Amino acid sequence: MSIKILIVGPAASGKTTLANKLKEKGFYIGKLYTTRPKRDESDEEYYFCEPAEHDVLASCVFNGWKYSLTYNGLLFYDVFIVGPKMAQMIKDEAPQHKYLTIFLDVPESVRYVRLMQREMPGDTVIGRLGRDRADFAHFT
């Protein structure tokens with residue numbers, strides 16, 4: 001039985017930074033598929049296309065963009081950056097794995113400053129903070 005690490009947190013909470021630290025320690029970082037545009041040319045956090053429909057384990061829509069994880073992705077990788085709904089879907093659809101969920105709870109004031117420095121095509125900082133508040137309102 002394998003253990004999968006799910007990193008969950010609102011925008012600009014440090015999820016990618018934590019994933020990169022785990023990568024340095026030898027963990028394999030999984031990528032989700034997404035229909036959102038790249039923030040810039042160095043954006044390598046996702047596969048920027050839709051996955052094959054037959055292999056989708058879990059998917060959701062956030063801010064109008066689709067995010068999906070495949071069964072093969074879950075099998076091959078150790079660590080995943082996901083939202084709260086996706087984390088629950090993964091656990092429900094693949095109960096044969098054990099999961100460690102790491103929730104990064106960073107003050108909104110810190111995240112605001114970080115988001116102001118980020119390119120966010122089709123989004124605004126205030127809009128994103130509001131959607132995150134709603135998305136994480138009942139996350140436990």
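Results, tabulated for the structure shown:
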item	result
Subset of segment 11-26 (residues that are outside any helix (DSSP H, G or I), closer than 12 Å to residue 81 by Cβ and either modelled with pLDDT under 95 or not hydroxyl-bearing (Ser, Thr, Tyr) (or both))	11, 14
Residue 88 being more than 22 Å from residue 38 (Cα to Cα), polar (S, T, N, Q), in a helix (DSSP H, G or I) and open to solvent by 30 Å² or more (accessible area, probe 1.4 Å)	yes
Selected residue (criterion: farthest from residue 126 (Cα to Cα)) from residues of segment 63-85 that are touching a Gly at 6+ places or on another chain (Cβ under 8 Å) and surrounded by fewer than 15 Cβ atoms within 10 Å (Cβ to Cβ)	76
Hits in segment 27-42 - residues which are modelled with pLDDT under 90 and either touching a strand residue (DSSP E or B) at 6+ places or on another chain (Cβ under 8 Å) or closer than 23 Å to residue 71 by Cα (or both)	36
The lone exception for residue 29 - which of (1) free of Cβ contacts under 8 Å to residues at least 24 places away in the same chain; (2) open to solvent by 30 Å² or more (accessible area, probe 1.4 Å) it fails	(1)
Segment 53-62, residues that are among the hydrophobic types (A, V, I, L, M, F, W, C) and surrounded by 14 or more Cβ atoms within 10 Å (Cβ to Cβ)	56, 57, 58, 60, 62
Some residue of segment 33-52 being assigned to a strand (DSSP E or B) and surrounded by 17 or more Cβ atoms within 10 Å (Cβ to Cβ)	yes
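The values are calculated or read from the model by the stated rules, or taken from the named source; none is laboratory data. The model shown is predicted, which means the values in this text are computed figures rather than measured ones. Neighbour counts run over all protein chains shown; Cβ positions are idealised from the backbone, glycine included. Note: areas computed on protein heavy atoms with side chains; ligands, DNA, RNA excluded. Shrake-Rupley method; radii C 1.70, N 1.55, O 1.52, S 1.80 Å.
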